[in-house]
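Working notes, beginning with the structure itself.
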Amino acid sequence: MPHELNLILIGPPGAGKGTQADRLREDFRMPFISTGDMLRANVKDGTELGRQAKVHMDAGELVPDELIVAMADQRLEQDDTRDGFILDGFPRTVPQAQALDDQMARHGRRITGVLLLEVPDEEIVRRIAGRRVCVKGGHNYHVDYDPPKNPGVCDQDGSRLIQRDDDQPEVVENRLKVYHAQTSPLVDFYDTRGLLRRIDGTRTPAQVHDHIRAVIATLRLEDDV
Ligand code: AP5
């Protein structure tokens, strides 16, 4: 009986987490939980959470921990996460990581591995400037690195491609500052627990994908020992 695989994907904004999510979803039958996507869905639906979150997101700041932890807790309680999950964009602060540990412990579960996508700031700025997302499914493209077949149109669902509100250069600068100040302490947090696996995110999406698959295969083997 295979053990559940509970993974976290962390990395700076624009490191390629969403790009890899699309690929990993096809490889593994486990839910890919992106707090950024969940927040954007709340903003789109005009919920109270979305209204509160939008102010922070548009400024490139983090949404307050208590809102995020409540949202993530609720999602992780759902049955489809029972055999494992991949978290993207959560936790993003040490208090969020501690809340996640508590949540896992309450259910007799634990995190299996944390994959860190490493990309330098100057490459992040290039990637985010050229990023386009589709209005329907949120699929990711880049005008130079990963262009759609027809400019401005999503290959997967035919919907329009747009720039995200928080991809304006001044907001990106703030998102990077916030990442270094509030999220990068998680690297030590998980490294000291022996959970961190580093991935070179500067290579092509296909190479990054291959590396992640290899790391996940190793984690599975280690967990079976
Ligand atoms: P979120 O949506 O999580 O944004 P993020 O972490 O800033 O990450 P991005 O979605 O910008 O980038 P990505 O790593 O997915 O890169 P992508 O694959 O698109 O969060 C948004 C906001 O929500 C936050 O700012 C915050 O306000 C709030 N929030 C979310 N979670 C929170 C939490 N836990 N606590 C508090 N607040 C929270 O790639 C980028 C571009 O590069 C694309 O164009 C892509 O085509 C291209 N690309 C990707 N890989 C490669 C490659 N290998 N080579 C060349 N180009 C590539």
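The values are calculated or read from the model by the stated rules, or taken from the named source; none is laboratory data. None of the values given here were measured: they were computed from a predicted structure. Ideal geometry is used to build each Cβ from the backbone, glycine not excepted, and the neighbour counts take in all protein chains shown.
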* Asked: Which of the residues that make up the stretch 181-206 are more than 12 Å from the ligand (Cβ to nearest atom), free of Cβ contacts under 8 Å to residues at least 40 places away in the same chain and assigned to a helix (DSSP H, G or I)?
  -> Ala181, Asp188, Asp191
* Conditions: (1) of a type in the set (Asp, Glu); (2) buried (at least 20 other Cβ atoms within 10 Å of the Cβ); (3) without any contact (Cβ under 8 Å) to a residue 24 or more places away in the chain. Asp79 meets all but one. Number of the miss? -> (2)
* Does Gly89 qualify as being more than 14 Å from the ligand (Cβ to nearest atom) and surrounded by 17 or more Cβ atoms within 10 Å (Cβ to Cβ)? -> no
* Could you please give the count of residues in the stretch 166-195 that are in contact with a Gly (Cβ under 8 Å, 6 or more places away or on another chain) and farther than 20 Å from Asp121 by Cβ? => 1
* Taking Ile216 as the residue in question, decide whether it is crowded, with 18+ Cβ neighbours inside 10 Å and either within 12 Å of the ligand (Cβ to nearest atom) or more than 30 Å from Gly113 (Cβ to Cβ) (or both). => no
* Tell me, yes or no, whether the stretch 63-72 has at least one residue that is closer than 25 Å to Gly137 by Cβ, outside any helix (DSSP H, G or I) and not acidic (Asp, Glu). => yes
* Asked: Are there any pairs, at least 6 apart or on different chains, whose C-beta atoms fall under 7 Å, with the first in the stretch 89-104 and among the charged types (D, E, K, R) and the second crowded, with 21+ Cβ neighbours inside 10 Å and part of a helix (DSSP H, G or I), and if so, which?
  -> Arg92/Thr183
* **From the options Val135, Val187, residue that is in contact with a strand residue (DSSP E or B) (Cβ under 7 Å, 6 or more places away or on another chain) and at pLDDT below 95** => Val135
* Asked: Restricted to the stretch 100-132, and to residues that are assigned to a strand (DSSP E or B) and surrounded by 20 or more Cβ atoms within 10 Å (Cβ to Cβ), which residue is farthest from the ligand (Cβ to nearest atom)?
  -> Gly113
